[in-house]
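Structure first, commentary second.
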């Protein structure tokens, strides 16, 4: 059987060679460059960075290329790389109030300080295939803003002024933000860990769960208080220096969902919030995340858990697409030993089933 | 672009190994109890042995000889892949001979050959919680283990008897370890359960996706759950292995043609090969005519 | 003080030495009563034997609060441990992951250390106790998981109340502390599952 072992190795090597061939495709066409993926498939890159929880556009683009455009595979590649990286420290919390806004919309106010900024959105485009994109048709430079660096107040602050909305969540002063990639998971979770799980969670899964809350499976009466997309500073506190230094900027999408709340024995009526924050530009993910975040706070508000989106163990245990795809796809691994055991059992049970049945017929 | 780093010996960084090693020591101290650990994302898919690989990577040293099996066989593709992984990241000696291995990583089987005191058996585990299919909630099952409340499991097995006249669990058959914790032996056929009892080898279990490590120390009682009137029994095969003639071993059914032709051969490829080297012959290798009939 | 401590090196080969020491510790706890040996050369800081020091470097890090006996806490060990392992020293016995005691020090009652909880019995302290010798003391019979029938050890220099304390610890199962006895470059593991009885003579 040693030959067979070699055979398995050869089969795997051949399969990987074939994969490399298919990945490259027609050699007469130029190979796609990482820079092209970064620039022209930026939203794929964003999704990979977000769900891999590693902000590096070039590596994410490499993963997209290596995975032939399969984004879950790309997320997997980037995560497996992320695991091996040493941790130097924890950055200061990013301050989205100081974001350099590229897009900012609110559904709760017609106009508001800082204004509504549509930014680079698919919204209001007519979904007609564009023949211009078949060629490298020149694209005009966009109109710029003059006040781009002005901080823009958050919608939540407007509501907070009247005490109409709950304050930012508070954790105990000695609480250290958790990291579920470095610590064992435990239920029930604190909200920071839950938000981390959702931020890494599969966009499609969260979208479907968020959607289900709108259709009555754990209704939360949501309004988009605000969505903002833009660059924020990452700062690291350096004890030796005694102050925080900027490490650079990252693009993030933040969604604050405002939810009606009638009050309960524990809390007076006020608006509550669901929160979504995602690397890159991904409004769909940030909105879905904020819907699910609010749904998962059900117990916190003394409400009953009646729908899947409100069930913490269910949502958190199943939102990770790398885990999910691995376990679903592991079914294609050989299971013949267990299947043999089942075969044997079913044969015996069928044999036994046949006997009393015949007996009964004879008696009748 | 960021330079892609070199990997540490056995892939995992030292801090991760320390974390897993601490979990292994506690697992040994509490036989059958599932120790939560911060499972890492591995460069292979969840469900494909990431738990077993993390355990092996944390115990493996330069003097070890590694054997990897899947379904009892060294030549199944995932076994080949995991063995190649360790050859690449740890440059470790590998073998297909059960007796030569110091660490055996397995999926779904325990080798037929009795394991010795200098061996560690590392199981890949998909769902470590034996109560999971009776109670999907971790918060609930943790309570059941804490209170040693295993009535639900007995009810399930008893319902089997009521409905089918026998316990209808053929693999991942639950066991009680050292008289305390009910444990999932991983999806090995129940045929292998008796081999876990009072084994001279240390048995370690890794579940990567579910983030649990557990252990059965050597010389520890491992009892398959049963009832007085329905005692635990293992699968039996009517014929010996068609290649080596072995009896009382676990056999795979191999379909020979589209006319119902079948043969049964050892699932443990090393065991079968060794017996054939020793001159044993099953019916397929002996009297060809007889086998064709 | 710290400067002197950091002059002492840790493992010559941090990867392979830690692996070898871990395997010794794993075998010690998996096979209670067997005497395992630390193979790699290591110059321990003052107050620790080689085995205790090697276990420290192998198992402790930033994630594990470490409790040190009064004498160890005042010596060079904290600096050495901080430099090589980045471990935090704690004075709280009830939350420490590891506790180290040198030969002849007063061992507090096991009940002061973390016992784990019924839900998470793994969250208990592992105590590393250096004794005068792993042999030549009163004979103790061991049985339980990891032991084929029964075996014997005879460590010298255990606290007088040891057997009573161990009986209490054993009865807490699945909670309880785990113990590693060290001397020079050797160790014996006593996980909480072990039954220990005194033998005559």
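The values are calculated or read from the model by the stated rules, or taken from the named source; none is laboratory data. Everything quoted here is computed from the prediction, not taken from an experiment. Please note: Cβ atoms are built from the backbone with ideal geometry, for glycine as well, and neighbour counts cover all protein chains shown.
In the set (1) crowded, with 21+ Cβ neighbours inside 10 Å; (2) at pLDDT below 95, the condition left unmet by residue C:48 is number (2). Counting only residues that are on the phi < 0 side of the Ramachandran plot, within 11 Å of chain C (Cβ to nearest Cβ) and modelled with pLDDT of 95 or more, region B:138-159 holds 7 of them.
Could you list all residues from region C:61-77 that are within 14 Å of another protein chain (Cβ to nearest Cβ) and either over 20 Å from residue C:9 (Cβ atoms) or surrounded by fewer than 24 Cβ atoms within 10 Å (Cβ to Cβ) (or both)? Spell out the reasoning first.
If we filter region C:61-77 for residues that are within 14 Å of another protein chain (Cβ to nearest Cβ), which is where we start, we get C:61-66.
Hits for region C:61-77 are C:61, C:62, C:63, C:64, C:65.
Just so you know, in region B:64-96 the residues that are in a strand (DSSP E or B) and more than 7 Å from every other protein chain (Cβ to nearest Cβ) include one that is surrounded by the most Cβ atoms within 10 Å (Cβ to Cβ), and it is B:68.
For residues in region A:34-67 being assigned to a loop (DSSP other than H, G, I, E, B) and within 12 Å of chain B (Cβ to nearest Cβ), which is nearest to residue A:135 (Cα to Cα)? Selected residue: A:56.
Residues that are more than 14 Å from every other protein chain (Cβ to nearest Cβ) and not in a strand (DSSP E or B) were ranked within region C:186-201; the one that is nearest to residue C:170 (Cα to Cα) is C:199. Criterion first (over 22 Å from the mean Cα position of the chain (by Cα) and in contact (Cβ under 8 Å) with a residue 60 or more places away in the chain) does residue A:244 satisfy it? Yes: the conditions hold for residue A:244. Here region A:158-192 is the region considered, the condition is being more than 23 Å from the chain's Cα centre (by Cα) and touching a residue at least 24 places away in the same chain (Cβ under 8 Å), and the residue that is nearest to the other protein chains (Cβ to nearest Cβ) is A:166. The one condition from (1) modelled with pLDDT under 95; (2) within 14 Å of chain B (Cβ to nearest Cβ) that residue C:82 does not meet is (2).
Scanning region B:227-238 for residues that are under 21 Å from the mean Cα position of the chain (by Cα) and surrounded by 14 or more Cβ atoms within 10 Å (Cβ to Cβ) turns up B:232, B:234, B:235, B:237.
Contact annotation: residue pairs with Cβ atoms under 8 Å, 6 or more positions apart or on different chains, pairing a residue in region A:342-353 that is more than 17 Å from residue B:250 (Cα to Cα) with a partner that is part of a helix (DSSP H, G or I), are A:349/B:164.
Could you go through region B:109-118 and let me know if any residue there is touching a strand residue (DSSP E or B) at 6+ places or on another chain (Cβ under 8 Å) and either under 17 Å from residue B:173 (Cβ atoms) or modelled with pLDDT under 95 (or both). Yes: region B:109-118 contains one or more residues that are touching a strand residue (DSSP E or B) at 6+ places or on another chain (Cβ under 8 Å) and either under 17 Å from residue B:173 (Cβ atoms) or modelled with pLDDT under 95 (or both). Among the residues of region C:138-166, those that are more than 10 Å from every other protein chain (Cβ to nearest Cβ) and part of a loop (DSSP other than H, G, I, E, B) comprise C:138, C:139, C:154, C:155, C:157, C:158, C:159, C:160, C:161. I'd like to know if region A:122-133 contains one or more residues that are assigned to a loop (DSSP other than H, G, I, E, B), more than 14 Å from chain B (Cβ to nearest Cβ) and touching a residue at least 12 places away in the same chain (Cβ under 8 Å). Within region A:122-133, none of the residues are assigned to a loop (DSSP other than H, G, I, E, B), more than 14 Å from chain B (Cβ to nearest Cβ) and touching a residue at least 12 places away in the same chain (Cβ under 8 Å). Screening the candidates A:342, A:300 for the property of being surrounded by fewer than 19 Cβ atoms within 10 Å (Cβ to Cβ), within 8 Å of chain B (Cβ to nearest Cβ) and in a helix (DSSP H, G or I) yields one hit, A:342.
Selection over region A:262-282 of residues that are without any contact (Cβ under 8 Å) to a residue 60 or more places away in the chain and surrounded by 20 or more Cβ atoms within 10 Å (Cβ to Cβ) gives a count of 1.
Taking the residues in region A:194-223 that are in contact with a strand residue (DSSP E or B) (Cβ under 7 Å, 6 or more places away or on another chain) and modelled with pLDDT under 95 as candidates, determine which candidate is surrounded by the most Cβ atoms within 10 Å (Cβ to Cβ).
Kept after step one, since they are in contact with a strand residue (DSSP E or B) (Cβ under 7 Å, 6 or more places away or on another chain), are these residues of region A:194-223: A:195, A:199, A:220-223.
Keeping just the survivors that are modelled with pLDDT under 95 gives A:220-223.
Details: A:220: 26, A:221: 15, A:222: 22, A:223: 15.
Per the criteria, the residue is A:220.
The criterion of at least 1 residues that are within 16 Å of the chain's Cα centre (by Cα) is met by the following helices (runs of 4 or more DSSP H) wholly inside region C:1-88: C:14-30, C:50-59, C:70-74, C:77-85. Restricting region A:68-87 to residues that are touching a helix residue (DSSP H, G or I) at 6+ places or on another chain (Cβ under 7 Å) and more than 13 Å from chain B (Cβ to nearest Cβ), the residue that is nearest to residue B:50 (Cα to Cα) is A:74. Residue A:249 meets all of the listed conditions (1) over 30 Å from residue B:107 (Cα atoms); (2) not assigned by TED's automatic domain parsing to the domain that holds residue A:186 but one, namely (2).
Is it fair to say residue B:7 is in contact with a helix residue (DSSP H, G or I) (Cβ under 7 Å, 6 or more places away or on another chain), more than 7 Å from every other protein chain (Cβ to nearest Cβ) and farther than 28 Å from residue B:223 by Cβ? Answer is no for this residue. Here residue B:61 meets the list (1) touching a strand residue (DSSP E or B) at 6+ places or on another chain (Cβ under 8 Å); (2) farther than 28 Å from residue A:321 by Cβ; (3) facing another protein chain (nearest Cβ under 7 Å) almost entirely, failing just condition (1).
Could you list, in sequence order, the residues of region A:303-339 that are in a helix (DSSP H, G or I) and in contact with a strand residue (DSSP E or B) (Cβ under 7 Å, 6 or more places away or on another chain)? It would help to see each step written out before you state the result.
Within region A:303-339, the first condition is being in a helix (DSSP H, G or I), and the residues that meet it are A:308-310, A:312-318, A:321-332, A:336-339.
Across region A:303-339, the qualifying residues are A:336, A:337, A:338.
Considering region C:94-137 alone, what residues qualify as being within 14 Å of the chain's Cα centre (by Cα), outside any loop (DSSP other than H, G, I, E, B) and free of Cβ contacts under 8 Å to residues at least 40 places away in the same chain? Within region C:94-137, C:99, C:101 qualify.
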